[in-house]
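Undergrad: Encoded as structure tokens, here's the structure I'll be asking about.
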Amino acid sequence: MSIQFYNTISRRKEAFKVIDQNKVRMYTCGPTVYDFAHIGNYRTFMFEDLLRRYLEFRGYEVVQAMNLTDVDDNTIRRSRERGISLTELTDEFKAAFHADLKTLNIQPAHLYPEATRFVAEMIQMVQNLQDQGYAYQTEDGSVYFNIAKYGQYGKLAHLNPDEMVSGERVTEDSYEKEGARDFALWKGYKAEDGDVHWESPWGKGRPGWHIECSVMSTELLGKHFDIHCGGVDNIFPHHENELAQSVCATGEEFVNYWLHSEYLLVDNKKMSKSLNNFYTLRDLLEQGYPAEAIRWMLITTHYRQKLNFSVGRLEESQKAVNRLREFRNKLTKYVGNGSDDASDRIRIARDQFTVAMDDDLNISGGLAAIFELVRWGNRSMDQGELSVEGAKSIIITIERFDHVLGVLDMDSGLDHQVDEAFIEEKIAQRKAARANKDFAAGDTIRDELAALGIELIDTPDGTKWKAG
RNA sequence: GGCGUGGUGCCCAAGUUGGUCUAAGGGAGUGGUUUGCAAAACCAUCAUUCGCCGGUUCGAAUCCGACCCACGCCUCCA
């Protein structure tokens, strides 16, 4: 069986076939760098990370490009509000974004094209569309895409252009469009744009909302590539418009598989800036929730399923991660002399994992496969049936699975802010007390540290501690 | 108004091209083993039931019809 992906454009699962042998080219819509991204945004980037990691697990070579939108209404407005240049603003949030990706253990894309570096190519594409009659210029120096010239408009979002209800924003728009649904390819300069403008055949202005992705994806990945992802809110209008522009500009197929991730919810409402119900990664780390718990929570609900955020889920997530980590630790130290090399169970787990994940990244099924191996392995170690070689094989298997999950070795991202020397001293005192069978004194020290949020864990290798 | 998604145990959640579902997996709970204590681990237990009603069928969580509830898109948004 091949991998199946749910393709937004056909609204069904399709067998995944790569254009160029073993090399998958994917374009993933990145952030607009005018503010910190919230974890709803990261849900999508996390999904894209899972997708890429799984393709790699299955032996594909993946080339991923993620755009950074560093010029648009939001970035311009915010930089003016703060009285700094556009570049100063976007540099700040590009850095924050990369830092967050690192914290969340999201593999860096191979390419991070930035809109402002592709303006010349965007102008070319707009000109191309105009030359072919797909676009027209208005008196204010803007250029619009004429959707009436493109018969497939609405194919991705499954919207009929004739039935689309005009939103307020459209009717209030001061630009002079011929058709209400036509969208801007190039926006003529307005005073609110300040010093953000480029010279073009239509005069001073800046790129429209969607042209950057058409240009950067086709420039970097070729006119026709495999996968294009984003959140479901990108389906319309962003990806619909991008598709129209690209197909009309290149005259070729654009994208084979459109994959979109669902929203992260808070109290059953979409997490968004406007509802003010969002959490940033930084918020959660400050509240003491480790990055691996956040990663686990975001990655372990199927990407096309709405996910309701709660701190309770973060706590559950942490425990699941711990269970995997403890399992690996236990395997590492295992010294039993059983004869079971675990090869049967490993094969079952790999097959079960692959079958599940091949089915449109069915992560729940994949996790079931992993945890069944965990339970079997623990039992086998407890009963001394596992061989040391078997333990090693299971470790290798778990680490292969973790290439997809990416949680075993990630850093919590928390600032510990505790006096380690003090804690070590207390642990030493407690050890001495316990050696004298003075358990009351030992427990007093345990309680003291617990009051400071430090939990002590006795292991065969000595006492460890963690900050809760 | 148009288009669409989802309702499964205490919580999260897979299964939804009908039988192998006497319904995975994670978390919580309960009883036990182990541990000076704690943690971890292991064993056992935890839905005659899949939003509601009706239908098709030898057989339905899975198919059909009606209904209820929640959410989303049609406007910048991951």
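Undergrad: Where in region A:1-116 are the helices (runs of 4 or more DSSP H), entirely inside, with at least 3 residues that are within 11 Å of RNA strand B (Cβ to nearest atom) and of a type outside the set (Ser, Thr, Tyr)?
TA: Numbers: elements: A:39-57, A:73-82, A:86-103.
Helices (runs of 4 or more DSSP H) meeting the threshold: A:39-57, A:73-82.
Undergrad: Can you confirm whether A:Arg400 is of a type in the set (Lys, Arg) and touching a helix residue (DSSP H, G or I) at 6+ places or on another chain (Cβ under 9 Å)? Before the answer, list the steps.
TA: Working: of a type in the set (Lys, Arg): yes; touching a helix residue (DSSP H, G or I) at 6+ places or on another chain (Cβ under 9 Å): yes.
Judged against the criteria, A:Arg400 is a match.
Undergrad: Same structure, new question: Being hydrophobic (A, V, I, L, M, F, W, C) and in contact with a His (Cβ under 8 Å, 6 or more places away or on another chain) narrows it down to one residue among A:Ile363, A:Ile394, A:Ile346; which is it?
TA: A:Ile363
Undergrad: Name every residue in region A:314-337 that is among the hydrophobic types (A, V, I, L, M, F, W, C) and over 20 Å from A:Leu281 (Cβ atoms), in order of residue number. Give the derivation first.
TA: Of region A:314-337, the ones among the hydrophobic types (A, V, I, L, M, F, W, C) are A:314, A:320-321, A:324, A:327, A:331, A:335.
Matches in region A:314-337: A:Leu324, A:Phe327, A:Leu331, A:Val335.
Undergrad: Separate question: Considering only residues of region A:368-395 that are of a type in the set (Val, Ile, Thr) and within 18 Å of A:Gly336 (Cα to Cα), which is farthest from the chain's Cα centre (by Cα)?
TA: Taking region A:368-395 and keeping what is of a type in the set (Val, Ile, Thr), we get A:370, A:374, A:388, A:394-395.
Still in the list and also within 18 Å of A:Gly336 (Cα to Cα): A:374, A:388, A:394-395.
Numbers: A:Val374: 27, A:Val388: 37, A:Ile394: 28, A:Ile395: 26 Å.
Looking at the filtered set, the residue picked out is A:Val388.
Undergrad: Still on this structure, I have one more. Would you call A:Asp226 in contact (Cβ under 8 Å) with a residue 12 or more places away in the chain and touching a Lys or Arg at 6+ places or on another chain (Cβ under 7 Å)?
TA: yes
Undergrad: Continuing with this model, one more query. Go through region A:78-92 and give me each residue that's surrounded by fewer than 21 Cβ atoms within 10 Å (Cβ to Cβ) and touching a Phe, Trp or Tyr at 6+ places or on another chain (Cβ under 8 Å).
TA: Of everything in region A:78-92, just one residue is surrounded by fewer than 21 Cβ atoms within 10 Å (Cβ to Cβ) and touching a Phe, Trp or Tyr at 6+ places or on another chain (Cβ under 8 Å), namely A:Arg78.
Undergrad: Given the conditions (1) touching a residue at least 40 places away in the same chain (Cβ under 8 Å); (2) part of a helix (DSSP H, G or I), report the number of the one that A:Gly338 does not fulfil.
TA: (2)
Undergrad: Mind listing whichever residues of region A:331-367 are touching a Ser or Thr at 6+ places or on another chain (Cβ under 7 Å), of a type in the set (Val, Ile, Thr) and away from RNA strand B (no atom under 12 Å from the Cβ)?
TA: A:Ile346
Undergrad: Follow-up question, since we're still on this one. Could you please find all residues in region A:214-249 being away from RNA strand B (no atom under 16 Å from the Cβ) and among the hydrophobic types (A, V, I, L, M, F, W, C)?
TA: A:Leu220, A:Leu221, A:Phe225, A:Val247, A:Cys248, A:Ala249
Undergrad: For residues that are out of contact with any strand residue (DSSP E or B) (no Cβ under 7 Å at 6 or more places or on another chain) and surrounded by 18 or more Cβ atoms within 10 Å (Cβ to Cβ), scanning just region A:263-289, find the one that is farthest from A:Ala99 (Cα to Cα).
TA: Looking at residues that are out of contact with any strand residue (DSSP E or B) (no Cβ under 7 Å at 6 or more places or on another chain) and surrounded by 18 or more Cβ atoms within 10 Å (Cβ to Cβ), I get A:Tyr289.
Undergrad: From the list A:Ile394, A:Ile398, A:Ile370, exactly one residue is near RNA strand B (Cβ under 9 Å from one of its atoms) and assigned by TED's automatic domain parsing to the domain that holds A:Phe353. Which is it?
TA: Values: A:Ile394 fails: near RNA strand B (Cβ under 9 Å from one of its atoms); A:Ile398 fails: near RNA strand B (Cβ under 9 Å from one of its atoms).
Only one candidate passes the filter, namely A:Ile370.
Undergrad: Additional query: Residue by residue through region A:194-213, note down the ones that are more than 24 Å from A:Tyr42 (Cα to Cα) and either part of a loop (DSSP other than H, G, I, E, B) or among the polar types (S, T, N, Q) (or both).
TA: Answer for region A:194-213, where residues must be more than 24 Å from A:Tyr42 (Cα to Cα) and either part of a loop (DSSP other than H, G, I, E, B) or among the polar types (S, T, N, Q) (or both): A:Gly194, A:Asp195, A:Val196, A:His197, A:Glu199, A:Ser200, A:Pro201, A:Trp202, A:Gly203, A:Lys204, A:Gly208.
Undergrad: So which of A:Gly222, A:Gly167, A:Gly208, A:Gly179 is within 29 Å of the chain's Cα centre (by Cα) and modelled with pLDDT under 95? Please lay out each step first, then the result.
TA: Numbers: A:Gly222 fails: modelled with pLDDT under 95; A:Gly167 fails: within 29 Å of the chain's Cα centre (by Cα); A:Gly179 fails: within 29 Å of the chain's Cα centre (by Cα).
Every option except A:Gly208 fails the conditions.
Undergrad: So in region A:376-388, with the set limited to residues that are more than 12 Å from A:Leu324 (Cβ to Cβ) and assigned to a helix (DSSP H, G or I), which one is farthest from RNA strand B (Cβ to nearest atom)? Spell out how you get there, then give the answer.
TA: As a first pass, look at region A:376-388 and keep what is more than 12 Å from A:Leu324 (Cβ to Cβ): A:376, A:379-388.
Filter once more, keeping what is assigned to a helix (DSSP H, G or I): A:376, A:379-382, A:388.
Numbers: A:Trp376: 8, A:Arg379: 4, A:Ser380: 9, A:Met381: 7, A:Asp382: 5, A:Val388: 17 Å.
Among those residues, the one meeting the criterion is A:Val388.
Undergrad: Moving on. Evaluate the following for A:Phe327: is it within 11 Å of RNA strand B (Cβ to nearest atom) and touching a Gly at 6+ places or on another chain (Cβ under 7 Å)? Steps first, please.
TA: On the way: within 11 Å of RNA strand B (Cβ to nearest atom): yes; touching a Gly at 6+ places or on another chain (Cβ under 7 Å): yes.
In short, yes.
Undergrad: Is there any pair linking a residue in region A:400-429 that is free of Cβ contacts under 8 Å to residues at least 40 places away in the same chain to one that is among the hydroxyl-bearing types (Ser, Thr, Tyr), with Cβ under 6 Å and at least six apart or on different chains, and which?
TA: Listed pairs, sorted by first residue: A:Ile427/A:Thr463.
The values are calculated or read from the model by the stated rules, or taken from the named source; none is laboratory data. Everything numeric in this text was worked out from a predicted model, so none of it was measured. For neighbour counting, all protein chains shown are included, and Cβ atoms are generated from backbone atoms with ideal geometry for every residue, glycine included.
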